[in-house]
Amino acid sequence: MSETPDSLRPKYKRVILKMSGEAFGQSGKTGISIDETLEIARQVKLVVDRGVQLAIVVGGGNLLRGAQFSAGGEAIREATAHYMGMLATVMNGLAFQDALELHKVETRLMTAIRMESVAEPFVRRRALRHLEKGRVVILSGGTSNPFVTTDTAAALRGRELEADILMKATRVDGVYSADPEKNPHAVRYEKLTYQQVVRENLRVMDMSAIDHCMEAKLPILVFDYKKVGNIERAMAGHPIGTLVTDSLK
(Lines give C-alpha, C1' and ligand atoms only; values in the text may rest on other atoms or scores of the structure.)
Protein backbone atom coordinates (compact mmCIF):
# COMPACT_ATOMS: atom_id res chain seq x y z
CA MET A 1 0.00 0.00 0.00
CA SER A 2 1.41 3.39 -0.97
CA GLU A 3 2.01 5.96 1.71
CA THR A 4 -0.13 9.08 1.77
CA PRO A 5 0.98 12.57 2.81
CA ASP A 6 -1.06 12.17 6.02
CA SER A 7 0.75 8.94 6.90
CA LEU A 8 4.06 10.78 6.65
CA ARG A 9 3.01 13.72 8.81
CA PRO A 10 5.86 14.26 11.31
CA LYS A 11 5.38 12.95 14.82
CA TYR A 12 8.34 14.90 16.18
CA LYS A 13 8.88 18.65 16.06
CA ARG A 14 12.62 18.76 16.77
CA VAL A 15 14.99 15.92 15.99
CA ILE A 16 18.69 15.21 16.42
CA LEU A 17 19.81 12.95 13.57
CA LYS A 18 23.16 11.22 14.03
CA MET A 19 24.82 10.35 10.70
CA SER A 20 28.03 8.35 10.79
CA GLY A 21 30.84 9.35 8.48
CA GLU A 22 30.26 6.18 6.49
CA ALA A 23 26.89 7.61 5.38
CA PHE A 24 28.78 10.10 3.22
CA GLY A 25 30.99 7.49 1.56
CA GLN A 26 30.64 4.21 -0.26
CA SER A 27 30.65 1.01 1.76
CA GLY A 28 34.15 -0.31 2.30
CA LYS A 29 35.81 2.75 0.79
CA THR A 30 37.31 5.92 2.21
CA GLY A 31 36.47 9.41 1.07
CA ILE A 32 33.28 11.33 0.32
CA SER A 33 30.81 10.05 -2.27
CA ILE A 34 28.93 12.90 -3.89
CA ASP A 35 26.10 10.57 -4.95
CA GLU A 36 25.61 9.21 -1.41
CA THR A 37 25.77 12.70 0.10
CA LEU A 38 23.25 14.10 -2.40
CA GLU A 39 20.86 11.21 -1.71
CA ILE A 40 20.90 11.90 2.03
CA ALA A 41 20.32 15.57 1.28
CA ARG A 42 17.32 14.67 -0.89
CA GLN A 43 15.76 12.66 1.92
CA VAL A 44 16.46 15.39 4.46
CA LYS A 45 14.74 17.99 2.27
CA LEU A 46 11.54 15.92 2.31
CA VAL A 47 11.28 15.99 6.11
CA VAL A 48 12.34 19.62 6.42
CA ASP A 49 9.63 20.59 3.92
CA ARG A 50 7.15 18.92 6.28
CA GLY A 51 8.21 21.25 9.09
CA VAL A 52 10.65 19.14 11.12
CA GLN A 53 13.30 21.15 12.96
CA LEU A 54 16.40 19.13 12.25
CA ALA A 55 19.91 19.18 13.72
CA ILE A 56 22.32 16.66 12.22
CA VAL A 57 25.45 15.44 14.01
CA VAL A 58 27.98 14.18 11.47
CA GLY A 59 30.78 11.70 12.01
CA GLY A 60 34.07 11.44 10.18
CA GLY A 61 34.82 7.73 9.95
CA ASN A 62 34.79 7.70 6.14
CA LEU A 63 37.82 9.99 6.20
CA LEU A 64 39.64 9.23 9.43
CA ARG A 65 39.07 7.56 12.78
CA GLY A 66 41.15 8.66 15.74
CA ALA A 67 41.32 5.06 16.93
CA GLN A 68 43.14 3.96 13.77
CA PHE A 69 46.32 5.55 15.15
CA SER A 70 46.04 3.87 18.54
CA ALA A 71 48.57 1.22 17.54
CA GLY A 72 50.94 3.70 15.97
CA GLY A 73 53.28 4.03 18.89
CA GLU A 74 54.26 7.55 19.87
CA ALA A 75 54.36 9.06 16.37
CA ILE A 76 50.82 10.41 16.72
CA ARG A 77 49.45 10.68 20.22
CA GLU A 78 45.94 9.40 20.85
CA ALA A 79 44.59 12.84 21.75
CA THR A 80 46.03 14.28 18.53
CA ALA A 81 44.41 11.49 16.53
CA HIS A 82 41.04 12.32 18.07
CA TYR A 83 41.42 15.98 17.09
CA MET A 84 42.19 14.84 13.54
CA GLY A 85 38.99 12.79 13.58
CA MET A 86 37.01 15.84 14.72
CA LEU A 87 38.41 17.85 11.82
CA ALA A 88 37.26 15.10 9.45
CA THR A 89 33.69 15.67 10.64
CA VAL A 90 33.98 19.31 9.56
CA MET A 91 34.97 18.22 6.06
CA ASN A 92 31.88 16.00 5.88
CA GLY A 93 29.79 18.86 7.23
CA LEU A 94 31.00 21.20 4.50
CA ALA A 95 30.20 18.67 1.78
CA PHE A 96 26.79 17.95 3.28
CA GLN A 97 26.01 21.66 3.57
CA ASP A 98 26.63 22.20 -0.13
CA ALA A 99 24.58 19.10 -1.01
CA LEU A 100 21.63 20.38 1.04
CA GLU A 101 21.87 23.82 -0.49
CA LEU A 102 21.80 22.28 -3.98
CA HIS A 103 18.39 20.95 -2.89
CA LYS A 104 17.37 24.47 -1.81
CA VAL A 105 17.57 23.67 1.91
CA GLU A 106 18.72 26.53 4.12
CA THR A 107 21.52 25.39 6.41
CA ARG A 108 23.99 26.46 9.04
CA LEU A 109 27.18 24.52 9.67
CA MET A 110 28.26 24.82 13.30
CA THR A 111 31.38 23.36 14.85
CA ALA A 112 32.59 22.86 18.39
CA ILE A 113 36.12 23.69 17.24
CA ARG A 114 36.41 27.36 16.35
CA MET A 115 37.09 27.98 12.64
CA GLU A 116 34.97 30.98 11.73
CA SER A 117 36.14 31.12 8.12
CA VAL A 118 34.27 27.89 7.33
CA ALA A 119 31.63 27.43 10.05
CA GLU A 120 29.85 29.13 12.90
CA PRO A 121 30.98 28.27 16.43
CA PHE A 122 28.38 26.19 18.23
CA VAL A 123 26.37 28.46 20.47
CA ARG A 124 23.27 26.89 21.97
CA ARG A 125 20.97 29.90 21.68
CA ARG A 126 22.09 30.59 18.14
CA ALA A 127 21.49 26.97 17.15
CA LEU A 128 18.00 27.09 18.65
CA ARG A 129 17.26 30.25 16.69
CA HIS A 130 18.36 28.61 13.44
CA LEU A 131 16.10 25.63 14.13
CA GLU A 132 13.15 27.88 14.89
CA LYS A 133 13.71 29.61 11.54
CA GLY A 134 13.56 26.26 9.74
CA ARG A 135 17.26 25.96 8.98
CA VAL A 136 18.98 22.59 9.11
CA VAL A 137 21.79 22.81 11.64
CA ILE A 138 24.77 20.61 10.79
CA LEU A 139 26.81 19.92 13.92
CA SER A 140 30.46 19.01 13.43
CA GLY A 141 33.64 18.92 15.47
CA GLY A 142 32.21 16.54 18.05
CA THR A 143 32.34 18.26 21.42
CA SER A 144 35.84 19.70 20.73
CA ASN A 145 37.18 17.28 23.34
CA PRO A 146 39.22 14.15 22.57
CA PHE A 147 38.08 10.75 23.86
CA VAL A 148 34.41 11.69 23.34
CA THR A 149 32.50 9.90 20.58
CA THR A 150 30.08 11.52 18.15
CA ASP A 151 27.40 9.33 19.77
CA THR A 152 27.96 11.19 23.02
CA ALA A 153 28.13 14.49 21.14
CA ALA A 154 24.71 13.71 19.65
CA ALA A 155 23.26 12.90 23.06
CA LEU A 156 24.65 16.10 24.55
CA ARG A 157 23.33 18.22 21.68
CA GLY A 158 19.99 16.47 21.98
CA ARG A 159 19.76 17.60 25.59
CA GLU A 160 21.03 21.11 24.90
CA LEU A 161 18.67 21.69 21.97
CA GLU A 162 15.69 20.09 23.73
CA ALA A 163 15.08 17.56 20.98
CA ASP A 164 12.07 15.25 21.07
CA ILE A 165 14.14 12.26 19.95
CA LEU A 166 17.65 11.24 18.93
CA MET A 167 17.72 9.18 15.73
CA LYS A 168 20.79 7.15 14.88
CA ALA A 169 20.91 6.41 11.16
CA THR A 170 22.78 3.19 10.41
CA ARG A 171 23.18 0.58 7.69
CA VAL A 172 21.29 -2.05 9.71
CA ASP A 173 17.59 -2.18 10.49
CA GLY A 174 17.82 -1.94 14.26
CA VAL A 175 19.46 -3.40 17.35
CA TYR A 176 20.00 -7.17 17.55
CA SER A 177 20.64 -9.54 20.43
CA ALA A 178 23.89 -10.52 18.67
CA ASP A 179 25.69 -9.77 15.43
CA PRO A 180 23.22 -11.04 12.78
CA GLU A 181 26.05 -11.61 10.32
CA LYS A 182 27.71 -14.03 12.73
CA ASN A 183 24.69 -15.47 14.53
CA PRO A 184 21.73 -16.57 12.36
CA HIS A 185 19.59 -16.82 15.51
CA ALA A 186 20.09 -13.16 16.47
CA VAL A 187 16.81 -11.42 17.23
CA ARG A 188 16.00 -7.84 16.29
CA TYR A 189 14.42 -5.81 19.07
CA GLU A 190 11.52 -3.52 18.25
CA LYS A 191 11.69 -1.78 21.63
CA LEU A 192 14.20 -1.64 24.45
CA THR A 193 14.61 0.22 27.71
CA TYR A 194 17.81 2.06 28.59
CA GLN A 195 18.25 -0.40 31.45
CA GLN A 196 18.12 -3.37 29.04
CA VAL A 197 20.73 -1.76 26.81
CA VAL A 198 23.08 -1.28 29.76
CA ARG A 199 22.37 -4.67 31.33
CA GLU A 200 22.84 -6.64 28.11
CA ASN A 201 25.63 -4.38 26.80
CA LEU A 202 23.83 -3.97 23.49
CA ARG A 203 25.40 -2.07 20.63
CA VAL A 204 23.10 0.93 20.43
CA MET A 205 25.41 3.82 21.26
CA ASP A 206 28.32 4.10 23.64
CA MET A 207 27.37 3.94 27.30
CA SER A 208 28.10 7.59 27.97
CA ALA A 209 25.53 8.53 25.33
CA ILE A 210 23.03 6.06 26.79
CA ASP A 211 23.54 7.56 30.26
CA HIS A 212 22.79 11.06 28.96
CA CYS A 213 19.67 9.93 27.12
CA MET A 214 18.46 7.93 30.12
CA GLU A 215 18.94 10.87 32.46
CA ALA A 216 17.07 13.21 30.12
CA LYS A 217 14.51 10.58 29.06
CA LEU A 218 15.48 11.31 25.47
CA PRO A 219 14.24 8.46 23.23
CA ILE A 220 16.68 6.86 20.79
CA LEU A 221 15.66 5.36 17.46
CA VAL A 222 18.16 3.17 15.61
CA PHE A 223 17.08 2.61 12.01
CA ASP A 224 18.28 1.80 8.50
CA TYR A 225 18.57 5.06 6.57
CA LYS A 226 19.60 3.20 3.38
CA LYS A 227 16.07 1.96 2.76
CA VAL A 228 14.36 4.51 0.56
CA GLY A 229 11.83 6.58 2.50
CA ASN A 230 12.98 5.46 5.95
CA ILE A 231 14.07 8.90 7.11
CA GLU A 232 10.55 10.18 6.38
CA ARG A 233 9.02 7.14 8.07
CA ALA A 234 11.21 7.59 11.12
CA MET A 235 10.18 11.24 11.48
CA ALA A 236 6.54 10.20 11.14
CA GLY A 237 6.87 7.70 13.99
CA HIS A 238 6.38 4.56 11.91
CA PRO A 239 7.40 1.34 13.70
CA ILE A 240 10.78 0.87 12.04
CA GLY A 241 14.14 0.07 13.59
CA THR A 242 14.54 -0.19 17.35
CA LEU A 243 13.16 2.38 19.79
CA VAL A 244 14.92 2.82 23.15
CA THR A 245 12.95 4.56 25.91
CA ASP A 246 12.52 4.41 29.68
CA SER A 247 9.56 2.01 29.41
CA LEU A 248 8.30 -0.68 27.05
CA LYS A 249 4.72 0.62 27.34
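The values are calculated or read from the model by the stated rules, or taken from the named source; none is laboratory data. These figures come from a predicted structure and were not determined experimentally. Neighbour counts run over all protein chains shown; Cβ positions are idealised from the backbone, glycine included.
A few notes on this one:
- Filter pass, Ala163 being of a type outside the set (S, T, N, Q) and either more than 24 Å from Thr111 (Cα to Cα) or in a helix (DSSP H, G or I) (or both): no
- Given (1) among the small types (Gly, Ala, Ser); (2) surrounded by 21 or more Cβ atoms within 10 Å (Cβ to Cβ); (3) assigned to a loop (DSSP other than H, G, I, E, B), index of the condition Ala234 fails: (3)
- Qualifying residues in region 107-137 (those that are closer than 21 Å to Arg42 by Cα and not charged (D, E, K, R)) - the one surrounded by the fewest Cβ atoms within 10 Å (Cβ to Cβ): Gly134
- Test: residue in region 70-93 that is in contact (Cβ under 8 Å) with a residue 12 or more places away in the chain, in a loop (DSSP other than H, G, I, E, B) and loosely packed, with under 13 Cβ neighbours inside 10 Å: no
- Some residue of region 138-158 being buried (at least 19 other Cβ atoms within 10 Å of the Cβ), touching a Gly at 6+ places or on another chain (Cβ under 9 Å), assigned to a loop (DSSP other than H, G, I, E, B) and free of Cβ contacts under 8 Å to residues at least 40 places away in the same chain: no
- Only one entry in Lys227, Lys217 is modelled with pLDDT of 95 or more and of a type in the set (Lys, Arg), namely Lys217.
Conditions tested, residue by residue: (1) closer than 24 Å to Met86 by Cβ; (2) of a type in the set (Lys, Arg).
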position: Lys133; (1), (2): no, yes
position: Phe147; (1), (2): yes, no
position: Ala153; (1), (2): yes, no
position: Met167; (1), (2): yes, no
position: Leu192; (1), (2): no, no
position: Val198; (1), (2): no, no
position: Met214; (1), (2): no, no
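- One residue stands out in region 94-136 among those that are outside any helix (DSSP H, G or I) and charged (D, E, K, R): the one that is farthest from Ala154 (Cα to Cα), namely Lys104.
- On inspection, Val198 passes the criterion of being among the hydrophobic types (A, V, I, L, M, F, W, C), over 18 Å from Val52 (Cα atoms) and part of a helix (DSSP H, G or I).
- Residue identified as under 21 Å from Ala153 (Cβ atoms) and loosely packed, with under 14 Cβ neighbours inside 10 Å among Lys217, Lys227: Lys217
- Which listed residue, of Glu160, Glu101, Glu116, is of a type outside the set (Lys, Arg) and touching a Lys or Arg at 6+ places or on another chain (Cβ under 9 Å): Glu160
- Residue tally, condition in contact (Cβ under 8 Å) with a residue 40 or more places away in the chain, surrounded by fewer than 21 Cβ atoms within 10 Å (Cβ to Cβ) and out of contact with any strand residue (DSSP E or B) (no Cβ under 6 Å at 6 or more places or on another chain), over region 96-106: 3
- Candidate set: region 198-214, residues that are farther than 15 Å from Thr242 by Cα and touching an Asp or Glu at 6+ places or on another chain (Cβ under 6 Å); chosen: the one surrounded by the most Cβ atoms within 10 Å (Cβ to Cβ): Ala209
- Any chance Val222 is over 17 Å from the mean Cα position of the chain (by Cα), outside any loop (DSSP other than H, G, I, E, B) and within 27 Å of Ser27 (Cβ to Cβ): no
- Sole residue being out of contact with any helix residue (DSSP H, G or I) (no Cβ under 6 Å at 6 or more places or on another chain), on the phi < 0 side of the Ramachandran plot, charged (D, E, K, R) and surrounded by fewer than 15 Cβ atoms within 10 Å (Cβ to Cβ), chosen from Asp179, Asp173, Asp164: Asp179
- When residues of region 19-46 are limited to those that are in a helix (DSSP H, G or I) and over 15 Å from the mean Cα position of the chain (by Cα), the one nearest to Phe122 (Cα to Cα): Lys45
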